[in-house]
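Nothing in this text is a laboratory measurement; each read-out follows from the coordinates by a stated rule. Every value quoted in this text rests on a predicted model; they were computed, and no experiment measured them. Heads up, the Cβs are rebuilt from the backbone with ideal geometry, glycines too, and the neighbour counts pull from every protein chain shown.
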Amino acid sequence: MTDSDLIQSALDARTRAHAPYSRFQVGAALRTADGEIITGANVESASYGLSCCAERVTLFKAITDGHNHFKAMAIASPGGAFPCGACRQLLAEQAPTAAILLIDSNNPEIITETTIQTLHPNAFTGDQLSSSD
Ligand code: THU
């Protein structure tokens, strides 16, 4: 499969966002190690703080479907926004080596490629949890 499949999946997923409050629709598509594509989009709540970003919706879908190795995530939004800090942390834990492709949904040929290591270096991994008192 090619990056264009993954990118198109993120653009398609974006159309299923539930973002009536911000009107900022984001779609994400995650490629698993065995080549499947799992998609998601942001879901907002009338109680604003309960909203969940497209990246986390997608990661949680994939993990609870039994996937735990990921090759790439495409994220589509107006302007090709970078993931928020919370999503960077979750991606660092669950998809540390995945390529991250940021797609401008207004100009889908504009793609920024980066890595979680670049976006969130020195992430907390939980390795120290067992050394707590
Ligand atoms: N949002 C995402 O889904 N992903 C991001 O990377 C940034 C922000 C969502 C959260 C909220 O529903 C809306 O975009 C505005 O912040």
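Among the residues making up segment 91-114, a single one is within 11 Å of the ligand (Cβ to nearest atom) and either touching a helix residue (DSSP H, G or I) at 6+ places or on another chain (Cβ under 6 Å) or touching a residue at least 60 places away in the same chain (Cβ under 8 Å) (or both): Leu91. Meeting the requirement of 3 or more residues that are loosely packed, with under 15 Cβ neighbours inside 10 Å, the strands (runs of 3 or more DSSP E) wholly within segment 50-133 are 111-115. For segment 2-24, the criterion of being crowded, with 20+ Cβ neighbours inside 10 Å and closer than 25 Å to Thr125 by Cα is met by none of the residues.
Restricting attention to segment 50-67, the residues that are more than 14 Å from the ligand (Cβ to nearest atom) and either more than 13 Å from Ala29 (Cα to Cα) or of a type in the set (Val, Ile, Thr) (or both) add up to 5. Each residue in segment 1-22 was checked for being among the hydrophobic types (A, V, I, L, M, F, W, C), more than 13 Å from Ile75 (Cβ to Cβ) and within 16 Å of the ligand (Cβ to nearest atom), and 1 of them qualify. Out of Thr39, Thr64, one residue alone is of a type outside the set (A, V, I, L, M, F, W, C) and farther than 22 Å from Asp104 by Cβ. It is Thr64. Taking the criterion of being more than 9 Å from Ala74 (Cβ to Cβ) and either more than 15 Å from the ligand (Cβ to nearest atom) or touching a residue at least 24 places away in the same chain (Cβ under 8 Å) (or both), the residues of segment 23-36 that qualify are Phe24, Gln25, Val26, Thr32, Ala33, Asp34, Gly35, Glu36.
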